[in-house]
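Report on the following structure.
Please treat every number below as a calculation from the coordinates, not as lab data. Not measured: the values here are computed from a predicted model. Glycine gets a Cβ as well: all are built from the backbone with ideal geometry, and neighbour counts include every protein chain shown.
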Amino acid sequence: MLAELRQKSQITIPKEIIVKLGLSEGDKLDIFEKDGTICIVPVVVYPQKYLSKLREEIDDVKAKIASGEQPVFDSVDALFDKLETD
């Protein structure tokens with residue numbers, strides 16, 4: 001597909017690509033150059049508050065694993081076996 005560079009360095013992404021990737025107005029795109037190619041990659045941007053809460057939860061789980069309070073499984077099957085016996 002061909003796109004034309006317009007005023008203010010703008011281009012229009014073809015509708016077929018927008019639909020195929022499920023993009024919507026307001027979605028964020030990372031744009032970078034690599035080996036002479038322009039790359040456009042959809043990204044998700046999370047609010048800092050969400051990331052801070054996620055870090056807290058991860059730290060809590062790590063502490064539980066270190067103390068032995070949180071069981072660790074070698075496989076998904078082992079997890080399901082444990083869930084079925086409880």
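Only helices enter the 222 nm calculation for the chain: every DSSP H run of n ≥ 4 contributes -39,500 (n - 2.57), and dividing by all residues gives -13500 deg cm²/dmol, rounded to 500. Here is the size of segment 1-44 from its Cα atoms: Rg then Dmax, 11.3, 29 Å.
When only the Cβ of Lys, Arg, Asp and Glu is charged (+1, +1, -1, -1), the dipole of the chain relative to its Cα centre reaches about 660 debye. Based on Cα contacts under 8 Å between residues 6+ apart, the chain shows a relative contact order of 12 percent. Between residue 49 and residue 29, the contour length at 0.36 nm per residue exceeds the alpha carbon distance by 5.1 nm. Comparing 63, 42, 22 along the charge dipole axis of segment 18-64, the residue lying farthest to the positive side is 63, per the Cβ-charge model.
For segment 17-22, the Karplus equation 6.51 cos²θ - 1.76 cosθ + 1.60, evaluated at θ = phi - 60°, returns couplings of 6, 4, 5, 4, 8, x Hz by residue, with Gly and Pro reported as x. Sequence neighbours fewer than 8 away in the same chain don't count; with that in mind, list the lysines whose C-alpha is under 23 Å from residue 20. Correct list for residue 20: 28. Charge tally around residue 46: other residues with Cβ under 13 Å, Lys/Arg +1 each, Asp/Glu -1 each, net +4.
Distance between the pseudo-spin-label points of residue 74 and residue 8 (7 Å out from Cα toward the beta carbon): 6.0 nm.
Using θ = phi - 60° in the Karplus curve 6.51 cos²θ - 1.76 cosθ + 1.60, the 3J(HN,Hα) couplings for segment 65-79 round to 5, 4, 8, x, 6, 9, x, 10, 10, 7, 7, 5, 4, 5, 4 Hz; x is entered for Gly and Pro.
Can you give the Rg to Rh ratio for the chain, taking only C-alpha atoms and Rh from Kirkwood? A ratio of 1.23.
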